[in-house]
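S.K.: Here it is, the structure, as structure tokens.
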Amino acid sequence: MEKKRRRSIIRSIILVTLFAAIVFTVYTSFAKEKTEVLQVGDSAPDFTLVDMNGVKHQLSEYKGQGVFLNFWGTWCKPCEREFPIINNYYESYKEQGLQVLAVNIAESDFVVQNYIDRKSLTFPVLIDKNKSVMGVYNIRPLPTTFLINPEGKIENIITGEMSEENIKRYMEQILSR
């Protein structure tokens, strides 16, 4: 009698576990389909993040300027190669209506600040602590850069490393007209 009861309990646990796994799979599939993939021509989703100096940056506040929105990590070798170039062109174009926002993906303030200091970066570096902006922008590989025109529309999405010529051309593409 005890064996039958134990076997029944084990079967029930297995059935509940299988049912939970099926529900979870269906739910995650449904949720993934709802994640909208951004495309060229879409309005750039607004967000607010804080930079390393404690200043809040809201994307919509930069309407009227071109925004070079770069998602990166300190461990990312292509990011490391791009940043000096991005910083140089930022210094050249910022008076012409170009803004660079570098969004770090959830690393510690200490690690990011050391990186900024080592690289002498002058543009705002923001940290997406809970990866919410990363999720909205559907970021997969790093680096990924969104070129946002002065009207707030996405002009281009670049995944992977950019050459110096490309960085210059992309920044010129989104300058205030």
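Readers should treat all values here as calculations from the given coordinates under stated rules, not as data from a laboratory. In this text the structure is predicted, and so the values were computed from the model without any measurement. Note: ideal-geometry Cβ built from the backbone for every residue, glycine included; neighbour counts use all protein chains shown.
S.K.: Take every Cα pair under 8 Å in the chain that's 6+ residues apart, average their separations, divide by the length, and report that relative contact order as a whole percent.
M.R.: Contact order relative to length: 30 percent.
S.K.: Give me the extension gain from Thr48 to Lys168: residue separation times 0.36 nm, minus the current Cα-Cα distance, reported in nm with one decimal. Walk me through the intermediate numbers first.
M.R.: Numbers: separation 120, 0.36 × 120 = 43.20 nm, distance 2.64 nm.
This chain segment gains 40.6 nm when fully extended.
S.K.: Something else: Which stretch or stretches of region 117-147 have amide N atoms under 20 Å from the point lying 7 Å from Glu91's Cα along the Cα→Cβ direction?
M.R.: 117-126, by backbone N distance to the label point.
S.K.: Once you've got the Cα coordinates, tell me which of Lys119/Lys153; Lys56/Lys131; Lys77/Lys153 are over 27 Å apart. Each step should come with its number before you reach the end.
M.R.: Details: Lys119/Lys153 30 Å; Lys56/Lys131 16 Å; Lys77/Lys153 29 Å.
With Cα atoms farther than 27 Å apart: Lys119/Lys153; Lys77/Lys153.
S.K.: Excluding residues fewer than 8 places away in the same chain, name every one of the aspartates and glutamates whose C-alpha is closer than 18 Å to that of Lys63.
M.R.: Asp42, Asp46, Glu95, Glu151, Glu155, Glu172
S.K.: Give me the angle, in degrees from 0 to 90, between the Cα long axis of helix 2-34 and the longest principal axis of the Cα atoms of the chain, rounded to the nearest 10.
M.R.: 20
S.K.: Which of [x] 10.5; [y] 12.9; [z] 13.6 is the computed mean projected area of the Cα convex hull in nm² for the structure on display?
M.R.: For mean projected area of the Cα convex hull in nm², the calculated option is [z].
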